[in-house]
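Input: a single structure, listed below in structure tokens.
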Amino acid sequence: AAPPALLELRDLHVFYGAIEALKGVSLTVGEGEVVALLGANGAGKSTTLKTASGMLAPRAGEVLLHGERVDGITSHELVQLGIGHVPEGRRVFPRMTVLENLRMGAYRLRRPDPADLDRVFTLFPVLAERRKQIGGTLSGGEQQMLAIGRALMGKPELLLLDEPSMGLAPLIVQQIFEILKEINAQGTTLLLVEQNASRALALADRGYVLETGSVVMSDDADALLADPRIRAAYLGES
Ligand code: ATP
């Protein structure tokens, strides 16, 4: 049986000026799931995550968290409601230390919990070693870890991840995916945008494929991995 829905996007229409980037996107993320969102450049993956996290408002459609409408709510309030967003390109605060970056992730919480910092340092020991280092001087992989750690400091029930593997060496990507698996095992639900479809589907329970602003396929991750159309379009096979 499918787990109860944590996040539901219903028939979202999102525009940038006159450009309709999402043309009626619907998807569901169940409690505890890992869901992958695949698609080519410009398909609307980042726009979908930004709408779910309140950074963009849909012109039509609904965003529901545990069945309650949250579209129109600010991204700050959505952090308090349990949605964490790790944006594309990481966006760590380059002049702040690792520790200051992590504290920024918790500042919207009514009651920051010191155990959250311990959790992040256990998941990412390198961040503990580099806690006094300036964010902008970290390697790309470390900055990605910091961006994920900062989002975890907001105690998210759902973590939205936009291309966590972008621009990183395969060994680092593997490390980050292992940590994402552990984060999910600890109870955090994940909605993951990835160009690296094989890695994303290896981690995910289910996946959706976006093309020019519409969902064109959705299935269990295993079924998507085995699908010849997916293999040809996203796994570099022909
Ligand atoms: P990518 O991997 O390249 O980020 P994506 O699937 O995440 O691709 P989006 O970034 O969501 O795609 O973009 C969806 C569409 O909206 C594209 O046609 C893109 O050109 C357009 N778009 C995105 N951001 C803006 C913006 N700020 N202004 C105008 N158009 C935009």
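The values are calculated or read from the model by the stated rules, or taken from the named source; none is laboratory data. No experiment lies behind these values; they were computed from the predicted model shown. As a convention, Cβ positions derive from the backbone with ideal geometry for all residues, glycine included, and neighbour counts pool all protein chains shown. The area values use the complete protein model at the heavy-atom level, side chains included, leaving out ligands, DNA and RNA. Shrake-Rupley method; radii C 1.70, N 1.55, O 1.52, S 1.80 Å.
List of remarks:
- Applying the set (1) without any contact (Cβ under 8 Å) to a residue 12 or more places away in the chain; (2) closer than 22 Å to Leu109 by Cβ; (3) under 19 Å from the mean Cα position of the chain (by Cα) to Ala185 leaves exactly one unmet item: (2).
Rundown of residues vs (1) touching a Lys or Arg at 6+ places or on another chain (Cβ under 9 Å); (2) open to solvent by 10 Å² or more (accessible area, probe 1.4 Å); (3) within 9 Å of the ligand (Cβ to nearest atom), yes/no style:
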| residue | (1), (2), (3) |
| --- | --- |
| Pro3 | no, yes, no |
| Leu9 | no, no, no |
| Ser26 | yes, yes, no |
| Gly39 | yes, no, yes |
| Gly42 | no, yes, yes |
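- Residues of segment 111-130 satisfying the condition of being of a type in the set (Asp, Glu) and crowded, with 18+ Cβ neighbours inside 10 Å: Asp116
- The residue list Ile183, Ile230 contains one member that is more than 10 Å from Val34 (Cβ to Cβ) and open to solvent by less than 70 Å² (accessible area, probe 1.4 Å), which is Ile230.
- Check on Gly54, modelled with pLDDT under 95 and open to solvent by less than 10 Å² (accessible area, probe 1.4 Å): no
- Enumeration of residues in segment 101-123 that are without any contact (Cβ under 8 Å) to a residue 24 or more places away in the chain and among the charged types (D, E, K, R): Arg111, Asp118
- Residue that is most open to solvent (accessible area, probe 1.4 Å) [pool: residues in segment 161-180 that are touching an Asp or Glu at 6+ places or on another chain (Cβ under 8 Å) and in a loop (DSSP other than H, G, I, E, B)]: Met166
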